[in-house]
Structure formats: C-alpha cells, structure tokens
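J.: Below is the structure I would like to discuss, written out as structure tokens.
The values are calculated or read from the model by the stated rules, or taken from the named source; none is laboratory data. A quick note: this is a predicted structure, and the numbers were derived from the prediction, not measured. Cβ placement follows ideal geometry from the backbone for every residue including glycine, while neighbour counts extend to all protein chains displayed.
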Amino acid sequence: MRDEIAIFREFVRMKGLRNTPERETIIREICATRDHFDVDELYLRLKRKKKKISKPSIYRLIPLLLEARLIQEAYFEEGHLHYEPIYGREHHCHLRCLNCGKTIEFTEEFLDKLETKLAEEYDFVIRGHKLEVFGYCSKCKLHI
Ligand SMILES: [Zn+2]
Ligand SMILES: [Zn+2]
C-alpha cells in the first residue's frame with residue numbers, strides 16, 4: 001500500500017499538481033482491498049470509517065489514478081463505471097453475469113498475441129486493452 005502512495009506522490013510531483021492528505025486517504029482505502037469499486041461504494045466505505053471525504057474529491061481523483069496506472073476501468077454496470085486497483089498485478093479482463101452480477105477475472109495469452117498482431121497490422125503503439133464479456137454464469141444459466 002505504501003508503494004501506491006509513493007507512486008502517486010511521484011506522479012503529482014512530475015505533473016506539478018497538488019497532493020493532499022485527503023487524496024492519500026482515498027488511495028489507501030482503494031488499495032486496502034483488491035476489490036472492484038465504484039465512486040458511491042468507495043464514498044460509503046470512507047464514510048463508515050468516519051473519513052471526511054466529499055464525493056467530488058473522489059471524482060476528481062479518479063482520472064489521476066487512471067493516468068498514474070494505479071487503477072483501471074473494470075466494467076460498466078448500473079449506468080456507471082467500476083474500477084479496481086491494478087498496481088503490481090497482472091493485466092486481466094472480466095466475465096460478467098447479467099443476472100447476478102458475478103465477476104470472473106481472466107487472463108488469456110491469446111489477447112496478448114492479438115495486441116502484437118494489431119500493433120504490426122496497423123502500425124500502432126498499444127498500451128492496453130479492455131475486454132468485457134457478458135452473459136450468464138454457471139448458476140444463472142440454468143434459469144434462463
Ligand atoms: Zn449469475
Ligand atoms: Zn478485475
């Protein structure tokens with residue numbers, strides 16, 4: 001967790017931005033679990049811990065964390081994006097159940113090969129990809 005804070009401090013320094021204790025509190029909370037989260041959930045988690053953090057300050061921090069590659073967009077649900085901490089983790093994509101919301105993380109070597117192929121074919125410098133696969137999980141498929 002200390003690593004993420006150090007990276008963020010370096011990131012804001014390089015960008016000439018301002019860091020605040022509030023921002024570090026938010027980052028600590030995000031990295032406390034490896035869970036996927038959205039802004040509302042994160043806000044409630046902080047509130048339960050009696051941290052005085054406003055929702056707008058979370059909204060303002062998210063793009064910075066994305067840019068610093070400390071979090072990634074995970075999937076879109078209930079009309080908004082969900083994120084997850086990714087520092088020190090292998091890249092992965094998600095299978096989402098449309099019925100119960102279950103999320104399965106997967107990595108697939110084929111996707112890395114696809115990146116290489118696309119990079120060559122389109123002379124493109126690839127920095128990442130996001131693949132969201134949706135359908136019904138093993139339990140829910142029995143009821144559709
Ligand atoms: Zn399901
Ligand atoms: Zn994930």
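J.: Taking the residues in the stretch 102-134 that are loosely packed, with under 12 Cβ neighbours inside 10 Å and of a type in the set (F, W, Y) as candidates, determine which candidate is nearest to the chain's Cα centre (by Cα).
T.: If we take residues in the stretch 102-134 being loosely packed, with under 12 Cβ neighbours inside 10 Å and of a type in the set (F, W, Y), then F106 is nearest to the chain's Cα centre (by Cα).
J.: For the stretch 55-72, does any single residue satisfy the condition of being in contact with a Lys or Arg (Cβ under 8 Å, 6 or more places away or on another chain), part of a helix (DSSP H, G or I) and of a type in the set (G, A, S)?
T.: Yes, the stretch 55-72 contains a residue that is in contact with a Lys or Arg (Cβ under 8 Å, 6 or more places away or on another chain), part of a helix (DSSP H, G or I) and of a type in the set (G, A, S).
J.: Can you name every residue in the stretch 58-101 that is farther than 24 Å from G135 by Cα, surrounded by fewer than 17 Cβ atoms within 10 Å (Cβ to Cβ) and over 13 Å from the mean Cα position of the chain (by Cα)?
T.: Hits for the stretch 58-101 are Y59, R60.
J.: Are any residues in the stretch 101-144 within 16 Å of ligand 2 (Cβ to nearest atom) and either assigned to a helix (DSSP H, G or I) or in the same structural domain as Y75 (by TED's automatic domain parsing) (or both), and if so, which ones?
T.: Of everything in the stretch 101-144, just one residue is within 16 Å of ligand 2 (Cβ to nearest atom) and either assigned to a helix (DSSP H, G or I) or in the same structural domain as Y75 (by TED's automatic domain parsing) (or both), namely L111.
J.: Residue under question is I126, and the condition is that it be under 28 Å from I62 (Cα atoms) and touching a helix residue (DSSP H, G or I) at 6+ places or on another chain (Cβ under 6 Å); does it hold?
T.: Judged against the criteria, I126 is a match.
Each row is one residue, and each column tells you yes or no for (1) more than 30 Å from D3 (Cα to Cα); (2) near ligand 1 (Cβ under 10 Å from one of its atoms).
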{"position": "P85", "(1), (2)": "no, no"}
{"position": "C97", "(1), (2)": "yes, yes"}
{"position": "E108", "(1), (2)": "no, no"}
{"position": "E120", "(1), (2)": "yes, no"}
{"position": "R127", "(1), (2)": "no, no"}
{"position": "G135", "(1), (2)": "yes, yes"}
{"position": "S138", "(1), (2)": "yes, yes"}
{"position": "H143", "(1), (2)": "yes, yes"}
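J.: Do we have any residue at all in the stretch 41-49 that's in contact (Cβ under 8 Å) with a residue 24 or more places away in the chain and not hydroxyl-bearing (S, T, Y)?
T.: no
J.: Of the numbered conditions (1) within 16 Å of ligand 1 (Cβ to nearest atom); (2) of a type in the set (A, V, I, L, M, F, W, C); (3) within 26 Å of E29 (Cα to Cα); (4) touching a strand residue (DSSP E or B) at 6+ places or on another chain (Cβ under 8 Å), L81 satisfies every one except a single condition; which is it?
T.: Evaluating L81 over (1) within 16 Å of ligand 1 (Cβ to nearest atom); (2) of a type in the set (A, V, I, L, M, F, W, C); (3) within 26 Å of E29 (Cα to Cα); (4) touching a strand residue (DSSP E or B) at 6+ places or on another chain (Cβ under 8 Å) leaves (1) as the failure.
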